[in-house]
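The values are calculated or read from the model by the stated rules, or taken from the named source; none is laboratory data. Just so it is clear, the structure is predicted and the values come from calculations on it, not from any experiment. Reconstructed Cβ throughout: ideal geometry from the backbone, glycine too, with neighbour counts over all protein chains shown. Note: areas computed on protein heavy atoms with side chains; ligands, DNA, RNA excluded. Shrake-Rupley method; radii C 1.70, N 1.55, O 1.52, S 1.80 Å.
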Amino acid sequence: MAKISLDIINPNAAGIDIGSKSHFVSIGQDTGDVREFGVYTKDHQEMIKWLRENGVSTIAMESTGTYWQTLFNALQFEGFEVLLVNGRDIKNVKGKKTDVIDCMWIQQLHSLGLLSGSFLPDECTRQLQTYYNHRQGFIRHRAKYTQKMQKALRLMNIRLDIAIRDITGKTGLAIIEAILQGERDPIVLANLSDIRVKKSKSEIALSLEGEWKDDLIFVLQDCLDMYKIYKEKVIKVDQMIEQLLENTFVTKTDTELPLPKLRKRKKAHKNVPSFNIRPIAWKIFNVDLYQIEGISHGTVLSLLSKLGEGLHKFPSSKHFVSWLRLAPNNKVSGGKIISSRSPKGRNHLSYSLRQAANSIGNSKDHVLKPFFNRIAFRKGRGAAITATARKLATIIYHMLTDKKEFAPAYHNQEGFERRMKIFSLKKKLSSLNLTQEEKASILV
């Protein structure tokens, strides 16, 4: 019986199973080659010393959550080659599952060269990502207290949420502030509305007739105070983000290119950064992503925080789309596709692209709207949002890597029909098995 052997690709490899209270490290396939270390800085130094004594040069680690980051940075700083491995790549282990077996399995796979590291941003991008995630948390809390204010008003039958679009806008906050100061006359409150509000003042006054309750007024005041606190926190984080972008990313690029004119858009959403991120992104990328209708300030900020200038680490747009979990995960059995759903997973950039795709579906004259409608007609709106987000990711990849501006004519309906006709003609010609002379005569 023939035996199949695998070559050792990484002879000086170690495997680490990261835990919340201890880390298990394996440098071989015997139980004596496994040691357990704590999570303190002193334990990290002991682990590094032990790895150096055993001649380890490359390490693969698997972790959930953020327990891996401090050890990863310490090992990288000491000169080790460190890979952070996705848990899906190593989970199929026969027998009992223990920390010792896990780290030995990681070491074995890494020795054979069967593991690949996850994408990790550079230090500057990591800092930006920290600020961005912190900012998103404040926005979620701010939205929560907005909902609580709506609930307090609704329980008093003050239906301000129906009369105006946003109770935390200029009109809504003016009316709420007046209510908290003791004003109860609906007509006086309605007169505080801005001239741009679509509803008439008489209808707004009708929505402000209710039953005033002291306990709900108290809740309304507290929620408004918390809303203002989180609003101020978002502004402070925006200042830190702007400072980091200006001092770290923009200084790397010496090119000063003229910023192209931008098509007039609707009023910016209240969650957009408090600074103008468009010229900063233009200096970093040397292309204007805002030429794509539907790409917002939040999408660009999410792109910078997740990737920075590391998009070149993806060999192709397909790798980039797969990392975003926007590509179909085809499962084939017996020659048939039994499932093609995109894989699960949370990615802030993917979520931002899905929001942009949803706005494209709601638009009237977007260049990608025909594409969105075709997918929605065949598979539903959810699949259309995923497919359009995937197309946006592909467009952004080629714009940033090829340094080319967005070409609407290529993606419109006429361009799509032309490409489909060319593809159909090529398919027919290949099926005829024509000679070079026959192909030349057709072109003539």
Test set (1) under 19 Å from residue 270 (Cβ atoms); (2) in contact with a Ser or Thr (Cβ under 9 Å, 6 or more places away or on another chain); (3) at pLDDT below 90 - residue 198 fails condition number = (2)
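Please determine whether any residue of region 399-407 is closer than 30 Å to residue 312 by Cβ, of a type outside the set (Ser, Thr, Tyr) and within 19 Å of the chain's Cα centre (by Cα). First the steps, then the outcome.
Of the residues in region 399-407, the ones closer than 30 Å to residue 312 by Cβ are 399-407.
Those still in the list that are of a type outside the set (Ser, Thr, Tyr) too: 399-400, 402-407.
Filter again for within 19 Å of the chain's Cα centre (by Cα), leaving 399-400.
For region 399-407, residues closer than 30 Å to residue 312 by Cβ, of a type outside the set (Ser, Thr, Tyr) and within 19 Å of the chain's Cα centre (by Cα): present.
Here is a list: 275, 320. Which entry is closer than 29 Å to residue 123 by Cβ, modelled with pLDDT of 90 or more and aromatic (Phe, Trp, Tyr)?
From the options 275, 320, the qualifying one is 320.
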Criterion violated by residue 347 - all others in (1) over 30 Å from residue 87 (Cβ atoms); (2) modelled with pLDDT under 90 satisfied = (1)
Single condition residue 66 does not satisfy, out of (1) part of a strand (DSSP E or B); (2) free of Cβ contacts under 8 Å to residues at least 12 places away in the same chain; (3) among the β-branched types (Val, Ile, Thr) = (1)
Being acidic (Asp, Glu) and over 30 Å from residue 343 (Cα atoms) narrows it down to one of 46, 62, so name that one.
-> 46
Give region 121-131 a look and list any residue that's within 14 Å of the chain's Cα centre (by Cα) and without any contact (Cβ under 8 Å) to a residue 60 or more places away in the chain, or say none.
-> 126, 130
State yes or no: is residue 107 out of contact with any Lys or Arg (no Cβ under 9 Å at 6 or more places or on another chain), open to solvent by less than 70 Å² (accessible area, probe 1.4 Å) and in a helix (DSSP H, G or I)?
-> yes
Only one of (1) in a loop (DSSP other than H, G, I, E, B); (2) of a type in the set (A, V, I, L, M); (3) in contact (Cβ under 8 Å) with a residue 60 or more places away in the chain does not apply to residue 149, and that is (1)
Any idea which of 41, 31, 64, 58 is under 30 Å from residue 304 (Cβ atoms) and of a type in the set (Ser, Thr, Tyr)?
-> 64
Residues of region 132-172 being open to solvent by less than 40 Å² (accessible area, probe 1.4 Å), hydrophobic (A, V, I, L, M, F, W, C) and more than 27 Å from the chain's Cα centre (by Cα), in sequence order, are 149, 152, 153, 156, 158, 160, 163, 164, 167
For the subset of region 91-104 comprising residues that are part of a helix (DSSP H, G or I) and of a type outside the set (A, V, I, L, M), which member is modelled with the highest pLDDT?
-> 103
Please indicate, with yes or no, whether at least one residue in region 117-124 is of a type in the set (Gly, Ala, Ser), open to solvent by 70 Å² or more (accessible area, probe 1.4 Å) and closer than 30 Å to residue 59 by Cα.
-> no
Matching residues, region 184-194, being open to solvent by 60 Å² or more (accessible area, probe 1.4 Å) and charged (D, E, K, R) = 184, 185
In region 310-324, what count of residues is obtained for those that are open to solvent by less than 60 Å² (accessible area, probe 1.4 Å) and part of a loop (DSSP other than H, G, I, E, B)?
-> 4
List, please: which pairs have Cβ atoms under 8 Å, are six or more places apart or on different chains, and start with a residue in region 2-31 that is β-branched (Val, Ile, Thr) and at pLDDT 85 or above and end with one that is open to solvent by 90 Å² or more (accessible area, probe 1.4 Å) and not in a loop (DSSP other than H, G, I, E, B)?
-> 25/35; 25/36
Restricting the first residue to region 158-178 and requiring it to be within 15 Å of residue 227 (Cβ to Cβ), which pairs with a second residue that is open to solvent by 40 Å² or more (accessible area, probe 1.4 Å) and in a helix (DSSP H, G or I) meet a Cβ separation below 6 Å and a spacing of at least six or different chains?
-> 161/150; 167/161
Only one of these is closer than 28 Å to residue 306 by Cβ, touching a helix residue (DSSP H, G or I) at 6+ places or on another chain (Cβ under 7 Å), modelled with pLDDT of 85 or more and not in a loop (DSSP other than H, G, I, E, B): 128, 115. Name it.
-> 128
Residue list for region 44-72, restricted to those being under 27 Å from the mean Cα position of the chain (by Cα) and surrounded by 14 or more Cβ atoms within 10 Å (Cβ to Cβ) = 60, 61, 62, 63, 67, 68, 69, 71, 72
Only one residue in 88, 35 is within 25 Å of residue 323 (Cα to Cα) and either assigned to a helix (DSSP H, G or I) or open to solvent by 30 Å² or more (accessible area, probe 1.4 Å) (or both), so which one is that?
-> 88
Considering only region 195-216, state which residues are in contact (Cβ under 8 Å) with a residue 40 or more places away in the chain and open to solvent by less than 70 Å² (accessible area, probe 1.4 Å).
-> 204, 207, 208, 210, 216
